[in-house]
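Written out below as structure tokens is the structure these notes cover.
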Amino acid sequence: MSDTTEPRADSAPPEPLIRARGLRREYLGPRKEPFARRARMVALDDVDLDVTAGRALGIIGESGSGKSTLIRLLLALDRPTAGTVTIDGRAVDASAPARALHWLRRETGLVFQDPYASLDPRQSVGRIVSEPLRALGIENDHRARVAEVLTRVGLDPEMAGRYPHEFSGGQRQRVALARAIAHRPRILVGDEPMSALDVTVRAQILDLLRELSADGMTLVLVSHDIGVVQNLCDDVAVMTDGRIVEHGPTAQVLRHPAHEYTRRLLAAIPVIPGR
Ligand SMILES: Nc1ncnc2c1ncn2[C@@H]1O[C@H](COP(=O)(O)OP(=O)(O)O)[C@@H](O)[C@H]1O
Ligand SMILES: [Mg+2]
């Protein structure tokens, strides 16, 4: 130990791309009677999280455990009651005006659960997919980028002129994915992006996400489907009651869950270990 001459850089872990410290989000509950005090409820309770660049993190946990709240705070779509988020070492300030968050929007893409609710029905697919390019003032050939990214998600670039109602649920989710990656973000965040899709379509979207991950994109994926997490995610964080109770490499967490809650969660679902 005394004689080590190894350079420090070799052993120092890489700075995480996403870092959250002490994240807390309280909400006021409903007023039980007029003038009564509204009870405070804690949706997120002192959460620390590191995500290394290029890795895929799955977030699992029962409904109401705080998964969506955590994601909203990471992306400054909501303000924490306490705590901090940094992306690539830069502080995320959810109270900053939209312009001051351009850098964060540029770094991140987001896909929601419901491909029917998340696409504006009055806009053509081309318009929808190029929206982040316009919003972020990215001055490349938008038409060419739309064609490229539609192809990337397995859609015919000719479809740019069509409207969402002409598409199936799975195709819409591909459009949503195309929009999320159009501006080449380094981080793709999905809040149950496959839950609303049927099994075959789900598998196709899973393949796409796996390709993006293989290309080096950092993924943060909320899913209640352990199979998805097993297939796609390097790491998994398990949430219950607003806390992360377990976080580690997927194979390790699923094979040897350390926390009682994870064991119960896994016992409720058939799992084939062996990723
Ligand atoms: N805007 C809100 N106002 C009040 N309570 C909320 C709000 N958003 C979420 N909550 C509550 O916070 C808790 C965590 O919610 P959420 O993060 O959506 O959980 P999950 O995504 O894991 O299902 C839940 O109890 C939910 O009811
Ligand atoms: Mg949710």
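Observations on the structure shown:
- One residue alone among Arg105, Arg122 is in contact with a Leu (Cβ under 7 Å, 6 or more places away or on another chain) and more than 16 Å from ligand 1 (Cβ to nearest atom), and that residue is Arg105.
- Residue match in region 136-150 (condition: surrounded by fewer than 19 Cβ atoms within 10 Å (Cβ to Cβ) and over 26 Å from Ala98 (Cβ atoms)): yes
- Among (1) aliphatic (A, V, I, L, M); (2) at pLDDT below 95; (3) within 16 Å of ligand 1 (Cβ to nearest atom), the one test that Leu73 misses: (2)
- Yes/no for Ser213 being touching a residue at least 24 places away in the same chain (Cβ under 8 Å), surrounded by 15 or more Cβ atoms within 10 Å (Cβ to Cβ), within 15 Å of ligand 1 (Cβ to nearest atom) and of a type in the set (S, T, N, Q): no
Matching residues to (1) within 16 Å of ligand 2 (Cβ to nearest atom); (2) surrounded by fewer than 20 Cβ atoms within 10 Å (Cβ to Cβ):
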{"residue": "Asp50", "(1), (2)": "no, yes"}
{"residue": "Ala53", "(1), (2)": "no, yes"}
{"residue": "Gly58", "(1), (2)": "yes, no"}
{"residue": "Gly66", "(1), (2)": "yes, no"}
{"residue": "Ile87", "(1), (2)": "no, no"}
{"residue": "Ala91", "(1), (2)": "no, yes"}
{"residue": "Ala98", "(1), (2)": "no, yes"}
{"residue": "His102", "(1), (2)": "no, yes"}
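- Residue check, Ala258 outside any strand (DSSP E or B) and farther than 29 Å from Met41 by Cβ: no
- Per-region count, region 104-125, residues touching a His at 6+ places or on another chain (Cβ under 8 Å) and surrounded by 19 or more Cβ atoms within 10 Å (Cβ to Cβ): 1
- Test for Val229: is it in a helix (DSSP H, G or I), within 16 Å of ligand 2 (Cβ to nearest atom) and touching a strand residue (DSSP E or B) at 6+ places or on another chain (Cβ under 6 Å): yes
- Candidate set: region 251-269, residues that are exposed (fewer than 13 other Cβ atoms within 10 Å of the Cβ) and modelled with pLDDT under 85; chosen: the one nearest to Gln230 (Cα to Cα): Ile269
- Looking across region 68-85, the residues that are more than 10 Å from ligand 2 (Cβ to nearest atom) and closer than 25 Å to Ile226 by Cβ come down to Leu73, Leu74, Leu75.
- Pick from region 170-210, criterion under 22 Å from His102 (Cα atoms) and within 16 Å of ligand 2 (Cβ to nearest atom), ranking: surrounded by the most Cβ atoms within 10 Å (Cβ to Cβ): Gly190
- Test result for Phe167, closer than 25 Å to Ile226 by Cα and buried (at least 16 other Cβ atoms within 10 Å of the Cβ): no
- Any chance Arg134 is basic (Lys, Arg) and assigned to a helix (DSSP H, G or I): yes
- Here Met41 meets each of (1) within 10 Å of ligand 1 (Cβ to nearest atom); (2) within 14 Å of Glu192 (Cβ to Cβ) with one exception, condition (2).
- The number of residues in region 144-180 being free of Cβ contacts under 8 Å to residues at least 60 places away in the same chain, of a type in the set (Val, Ile, Thr) and not in a loop (DSSP other than H, G, I, E, B) comes to 3.
The values are calculated or read from the model by the stated rules, or taken from the named source; none is laboratory data. Keep in mind the model is a prediction, meaning the values are calculated, not measured. Cβ atoms come from the backbone with ideal geometry, glycine included; neighbour counts cover every protein chain shown.
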